[in-house]
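Read through the structure below, which is laid out as structure tokens, and then see the notes.
What follows draws every value from the coordinates through simple rules; no lab data is involved. Here the structure is a predicted model, which is why all the values come from computation and not from measurement. Here the Cβ is made from the backbone with ideal geometry for all residues, glycine too, and neighbour counts use every protein chain on show.
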Amino acid sequence: MLLGVLSDSHGNGEAIQDVIYHFLKAGVDLVLHLGDDYLDMLFFEAANLKVLAVPGLYCPEYRDPTIPNRRIENLAGVKIMMTHSPEASKFDQPGDLNPEDNPQVDIILYGHTHIPGIQEKDGVLWVNPGHLKAHDRRGYPLSYALMHLAPLKVDVHILSLATGQILFNTSFTLRR
């Protein structure tokens, strides 16, 4: 299964359309949007891409108890937590999971920091695909991730939207 992962699109329609092009070209099976802005997922739905999303901390949907702020999905036998923030927030709803508690998942996907990266902590792969914000002052290029899920292995590539260059990549063997 091939996943397209993005975060912090902040309504940047031009960058979102570019990501949609790359996701369609790659044959992505499912898009995971990690928030800011929650409604940006509608761009992907309009392109007939299946999408799962969580809201960003400052999205009004984050305070809507009918919309999950964090979700755990079992995709191709891989348990994935989707969250905007890599830690608990003062805006969390009662019962929201804390990513730092390392729930029984294989991967934690998060955004918020706008800093792309991949790291393993305590047997869990943490992936931040970066951001698509038009005028970000943090100095990181616009980026997104492609993740290939196999029964015992996950391959992750974080790519620059402008150049297609791989910024980070890893192959991660799942603990079973």
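Running a GNM on the chain with Cα contacts under 10 Å, which residue among I107, I166, I16 ends up with the highest mean-square fluctuation? Most flexible of the set in this elastic network: I166. Near L109: Cβ cut-off under 15 Å, other residues only, Lys/Arg at +1 and Asp/Glu at -1. The net charge is -4. Most fluctuating residue of L142, L42, L97 in a GNM of the chain with Cα springs under 10 Å: which is it? Looking only at L142, L42, L97, the largest GNM fluctuation is found for L42. Within the straight-line cut-off of under 20 Å between alpha carbons, the lysines reachable from K121 are K79, K153, sequence neighbours fewer than 8 places apart in one chain being disregarded. Please report the spacing between the Cα centers of the stretch 2-46 and the stretch 124-176 in Å, no decimals. Value for the Cα centre distance between the two parts: 13 Å.
Taking semi-axes √(5λ) of the Cα gyration tensor in Å as calculated from this structure, the corresponding entry among (1) 24, 20, 16; (2) 21, 20, 15; (3) 29, 20, 18 is (2).
Near H131, once Lys and Arg are set to +1 and Asp and Glu to -1 for all other residues with Cβ below 9 Å from its Cβ, the sum equals -1. For the chain, the relative contact order is 21 percent, taking Cα pairs closer than 8 Å that sit 6 or more residues apart in sequence and dividing their mean separation by the residue count. With K and R counted +1 and D and E -1, the other residues having a Cβ less than 13 Å from that of R63 yield a net charge of -3. Taking the chain as a Gaussian network of alpha-carbon nodes connected by springs under 10 Å, the highest mean-square fluctuation of the residues G95, G164, G11 belongs to G95.
Relative contact order for the stretch 84-176 using alpha-carbon pairs under 8 Å, separation at least 6, rounded to a whole percent? If you can, show how the numbers build up before the last one.
Numbers: 167 pairs, mean separation 17.5, N = 93.
Dividing the mean separation by the residue count of the stretch 84-176 yields 19 percent.
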